Amino acid sequence: MTSYLRNWLYSGTSSAEPETPPVPTFQTFSPPASDDGEGEDTETEQQDDDTPPAFPSLNSAQRVQSAKMPGFLSDSERMPPPPVPSLSVRRPGVPNPPSSGSSLLVPTTTTKPPPKPSKKAGGKVALSPGHSPLDWAALKSSGADLRGVDSLMRIPPSVLKKHNKRDDAWSAFNGKVYNMTAYLPFHPGGERELMRVAGRDGTQLFASTHAWVNVDFMLDSCLVGFLVPEPPSP
Ligand code: HEM
């Protein structure tokens, strides 16, 4: 029984011969005799040779791979370089012809005329020489009489109304009446604008034009009095 079982168990393996695995074969490359560098003659030759060794070395894996990759482009396959702007032919003040040079260059000149100054009222005007803000500051602190009155007065609207000429222009700002006559040629907004409030209360117009301007400081030496309500007529 035991022998029967043993025979049965080992019958498969014993009948079939185990296959021998394929023996790996290695290819060995031996460098040429002249390159081995072991001989005395070759050693001397190498010392004189300044050529660097090939990198990656010949027959290397990198070399095999790179051979499959697309190589460097030849000169004719490369994209041509951008055209060189012809700076030598440029002349100052003369615009470049549209074909030459780069469009990114700063234009040498412009054909667009400058915007014309607006004739509309409401802008700054060119002050005549000697009428700058500094000149006004010098004049008002010079001690010259810019008020035209001996003492400060109580001025009702009917009196204010009479001082509406260029050579006698009064106006009220925030309850104070100023003689603007001397200031007219110094006003950056022009005489005409200032004359719009001559002989009346200019508080509203002043505030809507330039509320940031300190009229009390600018016209301190031109103060003539205070605006008072009209006295009841007898
Ligand atoms: C007597 C009182 C006034 C004084 C002291 C005065 C003073 C000034 C000053 C200092 C500026 C220059 C402002 C700046 O550069 O920012 C100016 C500009 C101007 N003012 Fe007067 N101003 C007076 C009354 C008026 C009135 C009543 C008007 C309008 C009817 C007026 C119209 C203008 C205008 C249009 C400008 C030019 C604004 C601009 O373009 O910047 N000003 N004024």
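Annotations for the structure displayed:
- Sites L105 and D135 - FRET efficiency at Förster radius 41 Å, r taken between beta-carbons, to 0.05: 0.35
- Point-to-point label distance, F55-R192, nm (Cα→Cβ direction, 7 Å offset): 8.3 nm
- Electrostatic bookkeeping for M153 treats Lys and Arg as +1 and Asp and Glu as -1; over the other residues with beta carbon under 13 Å from its beta carbon, the sum is +3.
- Burial ranking of peptide ranges 168-180, 129-141 (average Cβ count within 10 Å, highest at the top): 168-180, 129-141
- Measuring with a 1.4 angstrom probe and ignoring ligands and nucleic acids, D75 comes out at about 130 Å² accessible.
- In this structure, the amide hydrogen of A169, modeled 1.01 Å from its nitrogen in the peptide plane, lies closer than 5 angstrom to those of M180, T181, counting only residues at least 5 positions away or on a different chain.
- Among the chymotrypsin sites (Phe, Trp or Tyr not before Pro) within segment 185-231, those in coil by DSSP and having at most 16 neighbouring Cβ atoms inside 10 Å are W212.
- Amide H within-cut-off set for I155, under 5 Å, with H built and near neighbours excluded: F226, L227, V228
The values are calculated or read from the model by the stated rules, or taken from the named source; none is laboratory data. Values in this document were obtained by computation on a predicted structure and should not be read as measured data. All Cβ positions, glycine included, derive from the backbone under ideal geometry; neighbour counts span all protein chains shown. Accessible surface areas use protein heavy atoms only, side chains included; no ligands, DNA or RNA. Shrake-Rupley method; radii C 1.70, N 1.55, O 1.52, S 1.80 Å.
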